[in-house]
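Visitor: The structure under discussion is supplied below as structure tokens; questions concerning it will follow.
The values are calculated or read from the model by the stated rules, or taken from the named source; none is laboratory data. Predicted model only: the values in this text are computed from it and were never measured. Note that each Cβ is placed from the backbone with ideal geometry, even for glycine, and that neighbours are counted across all protein chains shown.
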Amino acid sequence: MTGPSIRKIVYYSEEILLENDAAPAVPAVRATVAAVIANPWIEGTAADDLSPEVIQVAPVLARQLTDILAANLGGVDAIEAFGKAAVVGTDGEIEHGAALIHTPFFGNLVREYFAGESIICFADDRADAGASLVVPLWHKNAAATRTHYQTATTRIGDAPRPGEIVVVLAASTGPRPHSRIGDRLTDPIVKAETLGELVS
């Protein structure tokens, strides 16, 4: 396995200590790790099979990025929510980013390495260097758990260059600071024709 040509890795984390003048009931650290890689398909055509490079590149990124997040967030068991993203430079296709994050060679491995079961929520884009990307996250084992619906914003000042792809993995050790809007599994049944009964 040859793996990706990585130019840099950027790690960012934040912990909200006060929200609306109150400390979170459950303290949590939210983090992103991004790998800036050379786009392996930059000289290709829109009809090319992307799978040979996916098999070589995506598993290496999955292993490296999950390792960094686990090491910085207190281990796999401390991680409760995850998300993924890709930003393609302007000379690439959106499909190039999708190829690296939406196949089993990345997503299935991230779930395995993080001991998760949920489908991983995602974002992807094509942009100039320095563009911000908002990465959605939800609970790694219970996607209907609304407490863990959150986002992490990341940007790299000099990436992606036109011939690069930024692959991002995000994780959180807990929920939003003051989550209190219920859960999808215990919500009332809401339909347009019965809405008046619920709000009267």
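Visitor: Out of everything in region 1-15 that is assigned to a loop (DSSP other than H, G, I, E, B) and polar (S, T, N, Q), what residue ends up being nearest to N39 (Cα to Cα)? Write out each step before concluding.
Guide: Step one: list which residues in region 1-15 are assigned to a loop (DSSP other than H, G, I, E, B), which gives 1-5.
Still in the list and also polar (S, T, N, Q): 2, 5.
Values: T2: 14, S5: 8 Å.
Filtering region 1-15 for residues that are assigned to a loop (DSSP other than H, G, I, E, B) and polar (S, T, N, Q), the one nearest to N39 (Cα to Cα) comes out as S5.
Visitor: Now a separate question. Could you tell me which numbered condition D91 fails, if it satisfies all but one of (1) touching a residue at least 60 places away in the same chain (Cβ under 8 Å); (2) surrounded by fewer than 20 Cβ atoms within 10 Å (Cβ to Cβ); (3) closer than 14 Å to A62 by Cα?
Guide: Result: D91 passes all but (3).
Visitor: Only one residue in G196, G130 is outside any loop (DSSP other than H, G, I, E, B), small (G, A, S) and surrounded by fewer than 18 Cβ atoms within 10 Å (Cβ to Cβ). Which one? Break it down into steps so the answer makes sense when it comes.
Guide: Numbers: G130 fails: outside any loop (DSSP other than H, G, I, E, B).
The unique qualifying residue is G196.
Visitor: Could you tell me which residue of region 34-92 is farthest from the chain's Cα centre (by Cα), considering only residues that are assigned to a loop (DSSP other than H, G, I, E, B) and among the hydroxyl-bearing types (S, T, Y)?
Guide: Filtering region 34-92 down to residues assigned to a loop (DSSP other than H, G, I, E, B) leaves 39-50, 74-75, 79-80, 89-92.
Narrowing the set further to residues that are among the hydroxyl-bearing types (S, T, Y) leaves 45, 90.
Details: T45: 27, T90: 21 Å.
If we take residues in region 34-92 being assigned to a loop (DSSP other than H, G, I, E, B) and among the hydroxyl-bearing types (S, T, Y), then T45 is farthest from the chain's Cα centre (by Cα).
Visitor: Restricting the first residue to region 144-163 and requiring it to be farther than 30 Å from A25 by Cα and crowded, with 19+ Cβ neighbours inside 10 Å, which pairs with a second residue that is at pLDDT 95 or above and among the hydroxyl-bearing types (S, T, Y) meet a Cβ separation below 9 Å and a spacing of at least six or different chains?
Guide: Final answer for the pair search is P160/T90.
Residue-wise test of (1) within 19 Å of L61 (Cα to Cα); (2) out of contact with any Cys (no Cβ under 8 Å at 6 or more places or on another chain); (3) part of a loop (DSSP other than H, G, I, E, B).
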residue: A115; (1), (2), (3): yes, yes, yes
residue: I119; (1), (2), (3): yes, yes, yes
residue: L137; (1), (2), (3): yes, no, no
residue: T153; (1), (2), (3): no, yes, no
residue: L169; (1), (2), (3): yes, yes, no
residue: P175; (1), (2), (3): no, yes, yes
